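Enquirer: Structure below; questions to follow.
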């Protein structure tokens, strides 16, 4: 059997295969609520045959959004709108659904990528005050965020818990916390963004403290059977920044607190990052974290070919493979992977007759009638 198409247990959730559709921001929500675009987008990906579909970075408060178009889960209206999308997916697809809960930190109040992505100052139309561990702007010339005080830290924790409880009510099978890509929880971890002089800054243990508090609060807020984990940037790609040794220590600390997995990415906290792109460029980070922990590790980053994904798993470098932009370009990538690796994949019944003759056992349960 193909390793990529073996089942994988993440806490109380068992995936039918090890392909994960990673969170991908769409910047297309209205006041945090999904509309027709998300219905089409997520409905489309839900038919992919992947083992798990994780919704994009979903803000835990209005000020936690990267852009005004970010998905959110901080209001009854958000919850009702997401419920409509989830209910529709459930009618046509058995795919488990996860949601990534996030806070943009100092990268909040930005324009959408296709509008240039620049920061919107808090005194400009459409802007708001960003918050962060320290009053340090992301890039030179940007407005500095407001450093979080004790009440601000309490509010962020409370917002994450409230969003997690909404996600639980909506029936999401998994919750991922966004601790990567330069957003708030990553900002606490990185010495490039965190210059605090209290118990939340300075040493590695202190910088890990607040993200771990948020994780523990969310873990305690939902059923112990529901898997909760964090996505981590394994390195800032900047000398003197957060690195893979720090990330391994964080993954170990999360494991001790009940994390069901670690989703390993990198970068995002500094415009000075020097990322060395290439096929599977983040896999060595996944390998290092897998060696430091016992929980499953999800690898991501320019993993584009089924044989490449299979080799990563066979080598023991990761336990699951996340695809993102690859899935946008090729939404039936899991079908193609199953065909290449001699495996079966779930497909909706109306599509069963699309199965090529040479792959008669590609679609699980399909009985092909040639007419």
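Enquirer: Any residue at all in region 151-160 that is under 16 Å from the mean Cα position of the chain (by Cα) and surrounded by 22 or more Cβ atoms within 10 Å (Cβ to Cβ)?
Expert: yes
Enquirer: Going by the conditions given, is residue 106 crowded, with 18+ Cβ neighbours inside 10 Å, in contact (Cβ under 8 Å) with a residue 24 or more places away in the chain and closer than 24 Å to residue 221 by Cα?
Expert: Values: crowded, with 18+ Cβ neighbours inside 10 Å: yes; in contact (Cβ under 8 Å) with a residue 24 or more places away in the chain: yes; closer than 24 Å to residue 221 by Cα: no.
It is false that residue 106 is crowded, with 18+ Cβ neighbours inside 10 Å, in contact (Cβ under 8 Å) with a residue 24 or more places away in the chain and closer than 24 Å to residue 221 by Cα.
Enquirer: Are any residues in region 200-220 within 22 Å of residue 296 (Cα to Cα) and in contact with a helix residue (DSSP H, G or I) (Cβ under 7 Å, 6 or more places away or on another chain), and if so, which ones?
Expert: Those that are within 22 Å of residue 296 (Cα to Cα) and in contact with a helix residue (DSSP H, G or I) (Cβ under 7 Å, 6 or more places away or on another chain): 208, 211, 212, 213, 214, 215, 217, 218.
Enquirer: Can you tell me which condition residue 14 does not meet? The list is (1) in contact with a strand residue (DSSP E or B) (Cβ under 8 Å, 6 or more places away or on another chain); (2) without any contact (Cβ under 8 Å) to a residue 12 or more places away in the chain; (3) under 27 Å from residue 124 (Cβ atoms), and all the others hold.
Expert: In the conditions (1) in contact with a strand residue (DSSP E or B) (Cβ under 8 Å, 6 or more places away or on another chain); (2) without any contact (Cβ under 8 Å) to a residue 12 or more places away in the chain; (3) under 27 Å from residue 124 (Cβ atoms), residue 14 misses (3) alone.
Enquirer: Okay, moving on. Is it the case that some residue within region 258-268 is surrounded by fewer than 18 Cβ atoms within 10 Å (Cβ to Cβ) and at pLDDT 95 or above? Steps first, please.
Expert: Filtering region 258-268 down to residues surrounded by fewer than 18 Cβ atoms within 10 Å (Cβ to Cβ) leaves 258.
Next, from what is left, pick out any that are at pLDDT 95 or above: 258.
Yes, region 258-268 has at least one match.
Enquirer: Here's a follow-up. Need at least 2 residues that are in contact (Cβ under 8 Å) with a residue 40 or more places away in the chain and farther than 17 Å from residue 177 by Cα per element, so show me which strands (runs of 3 or more DSSP E) inside region 234-349 make the cut, counting only ones lying wholly within it. Before you say what the answer is, go through the steps one by one.
Expert: Details: elements: 262-265, 297-300, 320-323.
Output list reads 320-323.
Enquirer: Right, another one. Would you pick out the residues in region 63-80 that are assigned to a helix (DSSP H, G or I) and within 17 Å of residue 35 (Cβ to Cβ)?
Expert: The answer is 76, 77, 78, 79, 80.
Enquirer: Something else: So, in region 167-210, exactly how many residues are part of a helix (DSSP H, G or I) and either in contact with a strand residue (DSSP E or B) (Cβ under 9 Å, 6 or more places away or on another chain) or closer than 12 Å to residue 102 by Cβ (or both)?
Expert: Selection size over region 167-210: 9.
Enquirer: Does region 215-224 contain at least one residue that is assigned to a helix (DSSP H, G or I), surrounded by fewer than 18 Cβ atoms within 10 Å (Cβ to Cβ) and under 19 Å from the mean Cα position of the chain (by Cα)?
Expert: Yes - at least one qualifying residue is present in region 215-224.
Enquirer: Can you tell me which residues in region 142-151 are part of a helix (DSSP H, G or I) and within 15 Å of residue 209 (Cα to Cα)?
Expert: In the first step, residues of region 142-151 are kept if they are part of a helix (DSSP H, G or I); the result is 150-151.
Passing the criteria: only 150.
Enquirer: What strands (runs of 3 or more DSSP E) lie completely within region 4-55 and have 3 or more residues being at pLDDT 95 or above and crowded, with 24+ Cβ neighbours inside 10 Å?
Expert: 19-21
Enquirer: To continue, here is another question. Can you tell me how many residues within region 56-72 are buried (at least 24 other Cβ atoms within 10 Å of the Cβ) and over 18 Å from the mean Cα position of the chain (by Cα)?
Expert: The total comes to 0.
Enquirer: Tell me, which residue of region 73-87 that is more than 19 Å from residue 174 (Cβ to Cβ) and free of Cβ contacts under 8 Å to residues at least 60 places away in the same chain is surrounded by the fewest Cβ atoms within 10 Å (Cβ to Cβ)?
Expert: Per the criteria, the residue is 76.
Enquirer: Answer yes if at least one residue in region 280-287 is in contact with a helix residue (DSSP H, G or I) (Cβ under 9 Å, 6 or more places away or on another chain), closer than 24 Å to residue 132 by Cα and modelled with pLDDT of 95 or more, and no otherwise.
Expert: Among the residues of region 280-287, not one is in contact with a helix residue (DSSP H, G or I) (Cβ under 9 Å, 6 or more places away or on another chain), closer than 24 Å to residue 132 by Cα and modelled with pLDDT of 95 or more, which makes the answer no.
Enquirer: Looking only at region 81-138, which residues are within 18 Å of residue 183 (Cα to Cα), under 18 Å from the mean Cα position of the chain (by Cα) and in a loop (DSSP other than H, G, I, E, B)?
Expert: If the condition is that a residue be within 18 Å of residue 183 (Cα to Cα), under 18 Å from the mean Cα position of the chain (by Cα) and in a loop (DSSP other than H, G, I, E, B), then 103, 104, 108 are the ones that fit.
The values are calculated or read from the model by the stated rules, or taken from the named source; none is laboratory data. Please read all numbers here as calculations on a predicted model, not as lab measurements. Every residue, glycine among them, receives a Cβ derived from its backbone with ideal geometry; neighbour counts consider all protein chains shown.
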